[in-house]
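The values are calculated or read from the model by the stated rules, or taken from the named source; none is laboratory data. Fair warning: this is a prediction, and the values are worked out from it, not measured in the lab. Cβ coordinates were reconstructed from backbone atoms using ideal geometry, including for glycine residues, and neighbour counts include every protein chain displayed.
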Amino acid sequence: MIDYKKYILILCIFIVGAIFISCEKEKLPEKKEFLTENAITLDYSQMPKNFIIKVEDKQPYFIVKENESFYFGINMKEDSTGDYGTIDIKWNEIELEDYDVLRVGSRTPYLISYNGRDYFYLSEKQRILEHSNLKFFEFTKERSSSDNTMIGFVEEPTEPDNMLMAEMVLSIGRGHAEVICYPGERGKPTRKETDDPYYYYAKEYEEDVLTLAQDIEAEVLASKDEKNGEREILKSGTKFKKLRTDNEKIVDLLMEDGRVARFEILKMFSEPDGFLMINGVVEKDLFKELGNN
């Protein structure tokens, strides 16, 4: 005798399973389809060996290089406030969706080819240059890596090994340096090495004046070309202008008579804000201009 109850039970199990699988498929997000229509061809053989170009948001590119060709494109996404917080990126077989790139109002994207490697920069330029931010990616055939750094373009870049950038450096009060950079490890903008180890403050700080609020002992160099100086008591009221820093622990200030006062800096971490100790004195207690802020 046929056991209909058994067959009905098996049929019910199949039906329930089919419904469950269908529901699970509906829950799965569909893979992002990157548009490739109207792609702009970028043939590396027609470009300089090293190049940097500004790319357009939501514009696909057809990359032709050596023995391979593939599509590249980006889709920057705005949130409800109009800021860009995420981005979709396609590079060959690499597809990144909703990639977090710090939420800002505007970014400028650049594609860089340098010494056989491919990089992608998202530059966010602030009104105050030293507050600018840059997200950088390195692409290979199989993977991508990314990071970000507090640095920004001073001017529109045209050569990847000669990018003029504003970098936040050690400073008494406000200050940044303008440095020539190239894509270093994993694409990070890296300062070109020179015979001069110092970072010189940008021209916009030339008129900034710092005035001692108390006497302080410091090393004084006869000129900016000297490597060592003599210890001297600098009197309250002495005025300086910003010159340079080693970006580690030394800040050199230019005195009115052309000599250079060298100050040793120690960064102190505190809540809510950190501060500097300068030759053993809190920065706002040492300089009148900082004490007024």
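Scanning region 53-85 for residues that are in contact with a Phe, Trp or Tyr (Cβ under 7 Å, 6 or more places away or on another chain), buried (at least 17 other Cβ atoms within 10 Å of the Cβ) and at pLDDT below 95 gives a single hit, Met76.
Selection of region 194-217 for residues being in a strand (DSSP E or B), closer than 16 Å to Glu256 by Cβ and either touching a Ser or Thr at 6+ places or on another chain (Cβ under 6 Å) or among the acidic types (Asp, Glu) (or both) yields only Leu212.
Inclusion of Leu102 among residues that are modelled with pLDDT under 70 and part of a strand (DSSP E or B) is warranted.
For the structure I just gave you, tell me whether Ser236 is touching a strand residue (DSSP E or B) at 6+ places or on another chain (Cβ under 7 Å), surrounded by 16 or more Cβ atoms within 10 Å (Cβ to Cβ) and among the hydroxyl-bearing types (Ser, Thr, Tyr). So Ser236 does not fit the description; no. Is one or more of the residues making up region 172-193 among the small types (Gly, Ala, Ser), part of a strand (DSSP E or B) and surrounded by 19 or more Cβ atoms within 10 Å (Cβ to Cβ)? The answer is yes; a qualifying residue exists.
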